[in-house]
Amino acid sequence: MLIRHSTQTKRKASHTKLEDLSSNSRASSTVPTFSNVSSKSLFRPLAFLVLAILIVIGILGGLLLVNNRQTTVIATSENSTTEMTDQAIIDNVSQLIELPADEQPTIATISDQTKLTDYTFFENAENGDKVLIYAKSSKAIIYRPSINRIINSAPINFEVSNNL
């Protein structure tokens with residue numbers, strides 16, 4: 001009986017130890033709660049931060065979009081202005097003198113008249129004057145848009161040199 005008693009005692013002691021261990025593991029497995037901090041107080045700063053970031057991204061995106069559209073419009077208007085200017089020059093000159101109908105002229109702008117003083121064709125030319133060159137018709141015209149007048153007109157001769 002003595003042996004039984006000791007085994008029963010050992011069983012009770014081991015059973016008590018198991019209960020103690022399981023109660024300790026339950027206590028340690030519980031998640032701590034923040035009873036002082038409410039979920040609303042954590043949500044507000046986070047929502048404000050996300051909202052502020054979205055607003056900044058929206059503003060930057062809008063600025064980039066507007067800048068891109070303005071650049072495209074400016075580039076398009078510059079190209080069309082150049083083409084319209086050339087056509088307007090041809091139209092204005094055609095009202096003053098008969099132009100060859102079967103070709104488009106090469107149009108140049110005189111930017112430094114001092115470099116052209118050696119050529120008699122350009123002796124009355126000024127900076128800003130337009131030179132219309134019709135290669136097929138062998139004709140050159142100096143036109144001054146500021147006063148809508150032809151300054152000079154002459155046949156041109158393209159010399160081809162065979163000296164290599």
Checklist entry - What list of ³J(HN,Hα) values in whole Hz, one per residue of the range 132-143 in order, does the Karplus curve 6.51 cos²θ - 1.76 cosθ + 1.60 (θ = phi - 60°) give from phi, with Gly and Pro shown as x? => result 9, 10, 9, 5, 5, 8, 6, 9, 10, 9, 9, 10
Next on the checklist: Under 5 Å between amide hydrogens, which residues at least 5 positions from Arg149 or on another chain qualify, with H placed 1.01 Å from N in the peptide plane?
Outcome noted: Arg144
Checklist entry - Size of the dipole of the range 74-158 about the Cα centre, Lys and Arg at +1 and Asp and Glu at -1 on the beta carbon, nothing else charged, in debye to 20? => result 160 debye
Item to check | Cut-off under 5 Å, modelled amide H: who pairs with Lys139 long-range | outcome: Tyr134, Ile156
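Take each of the peptides 92-104, 124-136, average the number of other beta-carbon atoms within 10 Å over its residues, and list them starting from the highest.
Sorting 92-104, 124-136 by mean packing, highest first, produces 124-136, 92-104.
A short reminder: the numbers here are calculations on the coordinates, not readings from a lab. Just so we're clear, the structure is a prediction, and the values are computed from it rather than from any experiment. Reconstructed Cβ throughout: ideal geometry from the backbone, glycine too, with neighbour counts over all protein chains shown.
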